[in-house]
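A short reminder: the numbers here are calculations on the coordinates, not readings from a lab. Just so you know, these numbers come straight off a predicted model, no measurement behind them. We place every Cβ from the backbone using ideal geometry, glycine too, and count neighbours over all the protein chains shown.
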Amino acid sequence: MRSPKDFFKPLAVGAPAPRTEIPFRPSRMIHFFPASNEKMRGKLPDMVGTVDVLLANLEDGVPAGDKDAVRAFYDMTIVQTGAHQLELNCDRVIADREAVMTEGVMRMAYPGRTLASYGIEVDDPDAYYLYQTRMSVV
């Protein structure tokens with residue numbers, strides 16, 4: 001593992017120096033939350049309108065005893081609502097010694113009733129609505 005002081009040094013001889021500043025203002029807000037934490041789950045309805053994507057982690061960083069609570073959360077909020085139809089078209093996969101990153105277009109079909117329960121106005125609650133965004137996952 002690299003030392004933090006070496007983070008902005010080139011990885012190879014002759015390679016360009018890594019960027020030290022974000023070249024543009026990010027336009028998407030992604031919030032990771034611990035789905036096993038009941039207090040955080042209670043805050044989700046207020047967060048839905050303030051972020052583009054809410055992500056809960058099932059594996060890394062979740063204590064073994066909390067995994068059942070996380071699975072139950074996913075079942076209640078995704079599977080039972082019908083919002084489990086998604087697709088990620090990867091344009092690129094980048095791997096180095098530290099991480100793997102994928103980038104592409106994510107499409108998800110949301111039931112109208114689910115969107116309406118989030119306070120989003122829909123024309124037909126029985127229809128499905130397509131959500132599409134460009135996404136990077138590290």
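Worth pointing out:
- Modelled spin labels at Gln132 and Val13, positioned 7 Å past Cα toward Cβ, are 4.7 nm from each other.
- Placing +1 on the Cβ of every Lys and Arg and -1 on the Cβ of every Asp and Glu, with nothing else charged, gives the chain a dipole about its Cα centre of roughly 600 debye.
- For Thr81, Thr114, the sequence from fewest to most other C-beta atoms within 10 Å is Thr81, Thr114.
- Order of Glu38, Glu103 - criterion: other Cβ atoms within 10 Å of each residue's Cβ, fewest first: Glu38, Glu103
- Extent along principal axes [Cα atoms of the chain; Å; largest to smallest]: 58, 37, 24
- Between the residues Pro63, Ala12, Leu130, the greatest Cα displacement towards the positive end of the dipole of the chain, with unit charges on the Cβ of Lys, Arg, Asp and Glu, is found for Ala12.
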